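A short worksheet on the structure shown next.
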Amino acid sequence: MQKHYDLVVLGTGVAGSSVAKRCREAGWKVAVVDSRPFGGTCALRGCTPKKVLVQAGELLDRWRHLAGKGLRAEEARIDWPELMRFKRSLIEPLPAAREAEYAEAGIESYHGVARFVGATALEVEGAHLQGEKVLIATGSRPATLGIEGEEHLASSDDFLELGTLPRRIVFVGGGYISMEFAHLAARAGSQVHVLHQDERPLAPFDPDLVDRLIEATRELGALCLCHKVKAIEKTAQGLLVHTDGDGGPYAADLVVHGASRVPNVEALDLDGAGVEAGKKGIKVNAHLQSVSNPAVYAAGDVADAPGPQLTPVAGLHAETVAENLLKGNTRSLEQAVFASTVFTVPALAGVGLLEEQAQAQGLHYRVLQADHRDRLAVRSLAAPYAAHKILVEEPGGRILGAHLLGPFATEIINVFALAIQAQVDIDQLRATHFAYPTGSSEIFAMLSKG
Ligand SMILES: Cc1cc2nc3c(=O)[nH]c(=O)nc-3n(C[C@H](O)[C@H](O)[C@H](O)COP(=O)(O)OP(=O)(O)OC[C@H]3O[C@@H](n4cnc5c(N)ncnc54)[C@H](O)[C@@H]3O)c2cc1C
Ligand SMILES: NC(=O)c1ccc[n+]([C@@H]2O[C@H](COP(=O)([O-])OP(=O)(O)OC[C@H]3O[C@@H](n4cnc5c(N)ncnc54)[C@H](O)[C@@H]3O)[C@@H](O)[C@H]2O)c1
């Protein structure tokens, strides 16, 4: 028997769940489908569990730097199994809570892999659903690398579930996942290599600050090496990672995939619905509507739309789609400012333009940059790395980009995001009286020199 809905949502992550709730609030009959526990990547296998773990690394680092300065740090260490238990205690209740929220809101839930059997008809584990509209919000998965021995790669999901931490870990790729996990694993006692194929890791971030982060990573005992991984071999002693460079092979007990994620579309049978997709995901117009099937929309990591694969981007997609569904394509995906952070220690953060982007746009700007390790706020934490680079348009004083490394980066970056979004210029920002002494009160000094 076929069940009819105004909207069928595929995926219960940030993108899918927000649209489902908005449309249900407006009185629509809504169904949600997910092949995994309800809640999506960010809540269950990404941002949130990751933050619980990396926070422990950050606290350990602070504690160690203050050893002999009023703190006794001899006993400070990460107890991995205990930390994992803590993480599980926070994350494991979430799927049931999410499902209960849906039930209370009157949203119907289906578990299983969804696939199209018609333009807006879906089959989920034997159930047949028909939507007036369908939202595809199925997120992303680790990219297939096409290398020999690929089956030996552990995913970020696997890493976040490790009961014990292996002695030797190689991370393939030099992006967010590898760098964040590498810092955590090294602080928890593993020998770590990050193998990346580009000249330097973390391409979306300021190159000078990335160089400092690499230095900090090396001091931690983890090595970032510029090698493209070409094969993983299983031996009696563990795994060997072969690269196209002179170095290696690198011996490991665990090799983790941090070499990018691609849209999750394979299982959907998109041809059955006439929904076009390419390497970057579902092809959509400015309303996030499928270019080939007007009854279908896409949002989040699975949509081929501008913006990185980040939670705030999925959130903006969801707002846009919800309005278009409810009000009939009244909203286009607007250009937005997205701040982003790599949760290493020191943390790296960025918002707005990089220097090379400002140059490519022919903008005139000056650079305010400094190492601010000597600031009392930083010295009081004994933090060994703290630096910034801020691009300010000339004339006019518009903030074009802000790039930060150090103990306050993850929070201060949001002040700069607001300044860029709301077009607050350098004089207005300098004239803002932030509480003192806080991370944000460092902004005045950042904007006053250089
Ligand atoms: C390790 C890691 C750490 C991250 N950390 C951050 C961070 O700190 N900050 C940040 O902004 N972003 C972070 N991200 C990125 C962020 O998690 C994603 O951009 C965001 O979760 C995307 O949300 P989404 O709703 O598009 O997809 P998802 O949350 O991935 O939801 C998609 C859902 O669809 C389901 N699904 C897939 N195919 C089907 C099918 N055929 N049928 C039924 N269901 C299906 C999946 O099971 C999943 O639950 C991180 C990602 C990872 C992997
Ligand atoms: N803090 C955060 O916001 C956060 C954290 C984790 C993940 N994420 C999101 O998830 C996405 C996926 O993360 P990711 O770290 O897998 O990807 P990424 O896109 O950040 O980085 C992948 C890196 O792997 C390299 N690479 C690819 N193939 C390789 C090979 N064979 N050998 C060596 N290097 C190779 C690429 O050149 C690139 O530098 C990110 O782009 C980001 O949008 C965000």
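The values are calculated or read from the model by the stated rules, or taken from the named source; none is laboratory data. Computed from a predicted structure; not experimentally measured. All Cβ positions, glycine included, derive from the backbone under ideal geometry; neighbour counts span all protein chains shown. To get the accessible areas, we keep the full protein, side chains included, count just its heavy atoms, and leave off ligands, DNA and RNA. Shrake-Rupley method; radii C 1.70, N 1.55, O 1.52, S 1.80 Å.
From the protein chains alone at 1.4 Å, what is the descending order of accessible area for 253, 427, largest first?
Per-residue accessible area, sorted high to low, gives 427, 253.
Going from most exposed to least, what order do 120, 432 have by accessible area with a 1.4 Å probe?
432, 120
Among 61, 208, what's the order by accessible area (1.4 angstrom probe), most exposed first?
208, 61
How high is the FRET efficiency between residue 218 and residue 292 when r is their beta carbon distance and R₀ equals 45 Å, given to the nearest 0.05?
That gives a FRET efficiency of 0.40.
In the full protein assembly as shown, how much of residue 4 is accessible to a 1.4 Å probe, in Å² to the nearest 10?
Counting only protein heavy atoms, the figure is 110 Å².
Measuring from centroid to centroid over Cα atoms, what is the spacing of region 315-361 and region 396-420 in Å?
Here the two parts' Cα centres lie 15 Å apart.
For a label point 7 Å from the Cα of residue 55 along Cα→C-beta, name the residues of region 312-341 whose backbone N is under 19 Å from it.
So the set is 312, 341.
Please work out how much length the chain gains when fully extended from residue 327 to residue 367, using 0.36 nm per residue of separation minus the C-alpha to C-alpha distance, in nm with one decimal.
Using 0.36 nm per residue and subtracting the Cα-Cα distance, I get 10.0 nm.
With the other protein chains left in place, how much accessible area per residue, in square angstrom, belongs to region 150-259 at a 1.4 angstrom probe?
With all protein chains present, region 150-259 gives 42 Å² per residue.
Taking the 0 to 90 degree range and rounding to the nearest ten, how far is the long axis of helix 176-187 tilted relative to the main principal axis of the chain, both from C-alpha atoms?
Long axis of 176-187 versus the principal axis of the chain: about 50 degrees.
How much length is gained if the chain between residue 279 and residue 445 is pulled fully straight, taking 0.36 nm per residue apart and subtracting their Cα-Cα distance, in nm to one decimal?
Between residue 279 and residue 445, full extension yields 55.3 nm more.
What number, in percent, do you get for the relative contact order of region 382-450 if the mean sequence gap of Cα pairs under 8 Å and at least 6 apart is divided by its residue count?
Relative CO of region 382-450 lands at 27 percent.
For a quick check of understanding: with a 1.4 angstrom probe and all protein chains in place, what accessible area in square angstrom does residue 98 have, to the nearest ten?
Accessible surface of residue 98 is approximately 50 Å².
Could you sort the peptides 276-286, 70-80 by per-residue average Cβ neighbour count (10 Å cutoff), highest mean leading?
Highest-to-lowest ranking by the protection proxy: 276-286, 70-80.
Excluding ligands and nucleic acids, what accessible area in Å² is computed for residue 17 using a 1.4 Å probe, to the nearest 10?
Surface accessible to solvent at residue 17 totals approximately 10 Å².
Can you pull the percent of the chain's accessible area that's carbon plus sulfur, 1.4 Å probe, other chains left in place?
On the chain, the fraction of accessible area on carbon and sulfur atoms equals 51 percent.
If you average the alpha carbon positions of region 101-125 and of region 288-309, how far apart do those two centres end up, in angstrom?
Centre-to-centre (Cα) distance: 19 Å.
For residue 133, give me every one of the aspartates and glutamates with a C-alpha distance below 18 angstrom, ignoring sequence neighbours fewer than eight places off in its own chain.
Straight-line reach from residue 133, under 18 Å: 6, 25, 34, 108, 123, 269, 271, 276, 319, 323.
Counting other C-beta atoms within 10 Å, and keeping those with at most 14, which DSSP coil trypsin sites (Lys or Arg not before Pro) do you find in region 223-273?
Listed in order of number, the matching sites amount to none.
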